[in-house]
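Single-structure report; data block below.
The values are calculated or read from the model by the stated rules, or taken from the named source; none is laboratory data. Owing to the predicted nature of the structure, the values given are computational and were not obtained by experimental measurement. Don't worry about glycine lacking a Cβ; one is built from the backbone with ideal geometry, like all the others, and counts go over all protein chains shown.
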Amino acid sequence: MTTKDVCSFTPELQYNSQSERTLDQRGGGHRVAQNILLVSDFCLICISSLLAWCHRFVIHLPAASVWSLASRERFERDISFLLLYAVLFVLFAYARKLYEYPSNSHYWRDLVEMLKSAGSAALVLTSVIYFSNDKMVSREVIVVTVLLSTFALALRRVCFQGRGFAIQRNVVIVGAGRVGLALSKYLSENPQLGYVVIGYIDRRLDDRYSTPADANDAVPILGGIADLEVIGKTYFVDEILVTLPGDRNLVKDIATHAQKAGIDLHVIPDLYDGLAYGAPVNYLGRFPLLEVYRQPIPLVQLLFKRTFDVIVSSVLLLILLPLAVILAAAIKINSRGPVFYASQRIGKKGRTFTLYKLRTMVADAERRQKELAHLNERDGVLFKIDNDPRITSLGRILRKYSLDEVPQLWNVLIGDMSLVGPRPPLPTEYTHYTADHYRRLEVPPGITGLWQVEGRQNPSFDDYIRLDLEYVENWSIWLDFTLLVRTVSVVLAGTGR
């Protein structure tokens, strides 16, 4: 029986186009997120309008002319039309479902729909100006506003729908039979839903682990129900999808383990002796689901954190660009080798990314590390020498004031890192982690964090893990703000090594 046959064979798995709703479109947090996205678009258009008007009428005119009565009247007239454009864009975008969160459409489809909304709004605005017969409206301001706001809106979607903002859900499917296989295939074919199937949890009646119904299925079986908590930590599982209707005791056991591990649990509908009685029914594409347990997500705070990261990293990159150019030239003069040092690091949920820093060591520093292993002053898997002979003379200054970390602002902008978070570990450190250590990778790594401001000189691997876990377990916007303020004093004190 094929995957298509599975979906048509079982009546409750049939697709219902009238009642389809994805799980992540519900709840007050998601409605707030939708409103934030809508307001952010409106504000971007308003800012673009002001910039366009100032470029046309402020920069090239004397101050006396700018604040004249005629200029104020022109400003009020032009801005009224530009506000109309902002309202029209938001209405068209809302009609095209661009503010659904998370988006169920492909990223490029959202960009195309955004361009269509901008074009439709511009066309209506042009018609209104034409029929109003207002010949004093600045066509240049209108055109620049449309172009500038379209670029800003596209950039907003790049920043918010890319790696750093999209909430990806790692899922484990309980049951490697026909239904589990069909669900896994459906999720892999629809990546815009944000679900990544990590593996199966399954067993036969004789308690021996089974193999997937399709021998060609590349998704592995990770273990049994008893292994769920360890699997959840090791593979950063966000959600469990049960596809074994009828096995009620098994679902009860899974629910107990899921709640202990703080993992969301959903099942293909069945009442299971009242376990799912009164639970809301939702749809994941064509698959109906019952919500048995849900771990709350601070969605609004995460939206604010990502927005803050994008704005601050963008501004700092622009401000520090001249300094970065000067430092790059100094590095080339001071020693041979590249300006930037690229290092593979482990990020959120175990994903590998490339971290960028200004080079502070000689070009062959990594090769010489083995020769200096006996001088290591850190315990465990960390490696650090106070008077490391591989550090260049300029590199010591850069490290002292953390100037070598300026390129990491680019990592923050593209979403690999955050301004505040746990220290990004090397792959060699990651291989030594235990199940409890993986929790520190549930959030994006940061340029600064608790370890950087409290334990920077502490040689203990266990202490730096403890501080990072403390940050994850007690995270809040206020904690991030406090750590950023403390980081400024640490940098100015020159405690880097």
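For the reader, a short list of remarks on this structure follows.
- Selection of first residues in segment 308-326 that are free of Cβ contacts under 8 Å to residues at least 12 places away in the same chain and of second residues that are aliphatic (A, V, I, L, M) and in a helix (DSSP H, G or I), restricted to Cβ pairs under 8 Å at least 6 apart or on distinct chains, gives an empty result.
- Checked across segment 131-144, the condition of being part of a helix (DSSP H, G or I), in contact (Cβ under 8 Å) with a residue 60 or more places away in the chain and surrounded by fewer than 20 Cβ atoms within 10 Å (Cβ to Cβ) holds for at least one residue.
- Of the candidates Val472, Val485, Val420, Val453, the single residue that is over 20 Å from Tyr356 (Cα atoms), at pLDDT 85 or above and crowded, with 16+ Cβ neighbours inside 10 Å is Val472.
- Each residue in segment 48-75 was checked for being at pLDDT below 75, assigned to a helix (DSSP H, G or I) and either in contact with a Pro (Cβ under 8 Å, 6 or more places away or on another chain) or not basic (Lys, Arg) (or both), and 10 pass.
- Of the residues making up segment 463-486, those that are over 15 Å from Phe304 (Cβ atoms) and among the charged types (D, E, K, R) are Asp463, Arg466, Asp468, Glu470, Glu473, Arg486.
- Residue in segment 409-417 that is without any contact (Cβ under 8 Å) to a residue 60 or more places away in the chain and not aromatic (Phe, Trp, Tyr) present: yes
- Only residues that are free of Cβ contacts under 8 Å to residues at least 12 places away in the same chain and either in contact with a Cys (Cβ under 7 Å, 6 or more places away or on another chain) or surrounded by 15 or more Cβ atoms within 10 Å (Cβ to Cβ) (or both) were counted across segment 423-437, and they come to 1.
- Of all residues in segment 355-366, those satisfying the criterion of being free of Cβ contacts under 8 Å to residues at least 60 places away in the same chain and either surrounded by 13 or more Cβ atoms within 10 Å (Cβ to Cβ) or touching a Pro at 6+ places or on another chain (Cβ under 6 Å) (or both) are Tyr356, Lys357, Leu358, Arg359, Thr360, Met361, Val362, Ala363, Ala365.
- Filter result for Val485 (β-branched (Val, Ile, Thr) and in contact with a helix residue (DSSP H, G or I) (Cβ under 9 Å, 6 or more places away or on another chain)): no
- Considered as a group, the residues in segment 423-454 that are touching a Phe, Trp or Tyr at 6+ places or on another chain (Cβ under 6 Å) and in a loop (DSSP other than H, G, I, E, B) include one that is farthest from Ser489 (Cα to Cα), and that residue is Arg423.
- Meets criteria (surrounded by 15 or more Cβ atoms within 10 Å (Cβ to Cβ) and modelled with pLDDT of 90 or more) for Leu303: no
- So Ala258, is it assigned by TED's automatic domain parsing to the domain that holds Ile198, modelled with pLDDT under 80 and either part of a helix (DSSP H, G or I) or in contact with a helix residue (DSSP H, G or I) (Cβ under 9 Å, 6 or more places away or on another chain) (or both): no
- As for segment 234-241, it holds at least one residue that is at pLDDT 75 or above, part of a helix (DSSP H, G or I) and not aliphatic (A, V, I, L, M).
- The listed residues are Leu271, Leu275, Leu265, and the only one of them that is outside any helix (DSSP H, G or I), at pLDDT 85 or above, within 30 Å of Leu183 (Cα to Cα) and hydrophobic (A, V, I, L, M, F, W, C) turns out to be Leu265.
- Among the residues of segment 186-202, those that are surrounded by 18 or more Cβ atoms within 10 Å (Cβ to Cβ) and out of contact with any Pro (no Cβ under 6 Å at 6 or more places or on another chain) comprise Tyr186, Leu187, Leu193, Tyr195, Val197, Ile198, Tyr200, Ile201, Asp202.
- Here Ser313 fulfils each of the conditions (1) in the same structural domain as Arg178 (by TED's automatic domain parsing); (2) at pLDDT 75 or above; (3) surrounded by 20 or more Cβ atoms within 10 Å (Cβ to Cβ) apart from (1).
- Being touching a His at 6+ places or on another chain (Cβ under 6 Å) and either modelled with pLDDT of 70 or more or under 30 Å from Leu193 (Cβ atoms) (or both) holds for only one residue in Tyr94, Tyr101, Tyr85, and it is Tyr101.
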